[in-house]
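**Student:** Would you mind keeping the following structure in view while I ask a few things?
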Amino acid sequence: MLWRWIGIHAPDLVIVAGNEDSGLADALSRNSVAGVGRIPARRVDVKEGILQSLPRDIPPSEAHRELDRRLRRTARELAAELAEVYGHDFDQPIYMPGMAVIGQIRLGRIAEGERLAAPYTNGAKNPLQGTNGQTLAGHLVFAELAERTGNSRYTELVRKAAGLGFTEAGEMKESMPFHNERSDTVFMSIPLLVKAGKLTRDSKYFEMAMRHLAFMQKLDLRPDGLYRHSPLTDVAWGRGNAFPALGLVLALSDLPVDHPQFSPMLRAFRQHMAALRQFQDEDGLWREVIDQPGAYPEFSATAMIATAMLRGINNGWLDWDDYQPLVDKAWRAISARTASDGRLLDVCEGTTKQPSLDDYLRRAAILDRDARAAAWR
């Protein structure tokens, strides 16, 4: 019950009725609940007139005041708070720090983004050394800088990474490499391919993006419109659906609307959003396993899915009446779970493909700073 207060309201006083509370009242009074704040609590004996004995004028609890502060923040204010903590390193060119660097750039801190990218443009580091799927998505930093500065060095880095989807003879491969059969790579590869097409004006990258999507859908798209994380099980892991949601909307944002691949990609996006919208919980979150009511509500999947829906609404790809209420609830839930020092509530730990539903359900929920979740802002 304590966790349900976070994102809805925080009580000003908790009364624990009974002969023994196992230290609950003391713990609530002395410790910050879910990283939000303390809540005064007292244990009382069960007897007639308990409610009448309560004080009439109860001041707001520490948790109540902090939750109200979080919910009053604008999107810009929340992004600025997170930017104080995240987006200051890019030692590994992977998506987790990379998305936060993009956040810094979009806040107008282009020079900081260029400073972090400099080792890869001046030859000190090879961004494709030890390449994996996360590295491909990390190259979105270079795409962002290419668009904002016009510097061809960034475009060349994007082109080289996207070029891994083609043979030496220039033929499209069956899929982008490093997919490991996981639905994650709808995000890890497809937005990068579309950025490469946009920057180079070469349509082959758009075609490869759709080819990779079809390949991953054959592996992981379930008949109900959700994505299994991998063919090992049918489990619709939270981020395993959030990655395709965000990947497709980012790609659509850069794909020319008159290109032959736009319509099928838009159709895939809409079908996925229609499947996901059924599973938002009453507090505005999507769960660590999307269609399992017993799974915990999860921060990063919620942030990514809501971002995908919001961009879909703003571009006219999704109906406002159907999706804006979901985005509004998700924004409130995310705001309530984001502290000003970058700590986040219930972020699923890093997850490779798992062999069973139980293995996914046992993935830890992080209450702390976490780069994989803070970047979706």
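Coordinate-derived values only; no laboratory data. Only a predicted model underlies this, so the values are computations on that prediction, with no experimental measurement involved. Glycine also receives a Cβ, built like all others from the backbone with ideal geometry; neighbour counts cover every protein chain displayed.
**Student:** So which of Lys173/Lys204; Lys160/Lys195; Lys173/Lys195; Lys125/Lys160; Lys125/Lys198 end up more than 21 Å apart, counting from Cα to Cα?
**Tutor:** Lys125/Lys198
**Student:** Under DSSP H, which helices of the chain have Cα atoms covering 20 Å or more of the helix axis and a Kyte-Doolittle average no less than -1.0?
**Tutor:** The answer, listed by residue number, is 185-200, 204-220, 238-254, 262-276, 299-314, 320-336.
**Student:** Treating cross-link reach as a plain straight distance, find the lysines whose alpha-carbon is under 21 Å from the alpha-carbon of Lys353, omitting any fewer than eight places away in the same chain.
**Tutor:** Lys218
**Student:** Of Tyr154, Tyr120, how do they rank once you tally other Cβ atoms within 10 Å and put the fewest first?
**Tutor:** By the 10 Å Cβ count, ascending: Tyr120, Tyr154.
**Student:** Please report Rg (one decimal) and Dmax (integer) in Å for the Cα set of the range 73-374.
**Tutor:** 18.2, 53
**Student:** Place a +1 charge on the Cβ of each Lys and Arg in the chain and a -1 charge on the Cβ of each Asp and Glu, then give the dipole magnitude about the Cα centre in debye, rounded to the nearest 20.
**Tutor:** In debye, rounded to 20, the chain gives about 720.
**Student:** While we're here: Note down the nm distance, to one decimal, between modelled labels 7 Å out along Cα→Cβ at Asp57 and at Ala365.
**Tutor:** Between Asp57 and Ala365, the label points sit 3.8 nm apart.
**Student:** Moving to a separate point now. Using the charge dipole of the range 73-374 (Lys, Arg: +1 at Cβ; Asp, Glu: -1 at Cβ; taken about the Cα centre), state which of Val327, Ala161, Ser340 has its Cα farthest towards the positive end.
**Tutor:** Final value for the positive-end residue is Ala161.
**Student:** Want the number for Asp68 to Asp341: 0.36 nm per residue separation, take away the alpha-carbon distance, what's left?
**Tutor:** Full extension from Asp68 to Asp341 adds 96.7 nm.
**Student:** Sort Thr185, Thr74 so the one with the fewest other Cβ atoms within 10 Å of its own Cβ comes first.
**Tutor:** Thr74, Thr185
**Student:** Pick out, in residue order, every one of the chymotrypsin sites (Phe, Trp or Tyr not before Pro) in the range 169-242 that is DSSP loop and has at most 12 other C-beta atoms within 10 Å; say none if there are none.
**Tutor:** none
**Student:** Take every DSSP beta bridge whose two residues both sit in the chain, then give the antiparallel share in percent to the nearest 5.
**Tutor:** Antiparallel bridges make up about 75 percent of those DSSP assigns within the chain.
**Student:** Could you work out how far apart the two model spin labels at Glu114 and Glu282 are, taking each label as a point 7 Å from the Cα in the direction of the beta carbon, and quote it in nm?
**Tutor:** Placing both labels 7 Å beyond Cα along the Cβ direction yields 5.3 nm.
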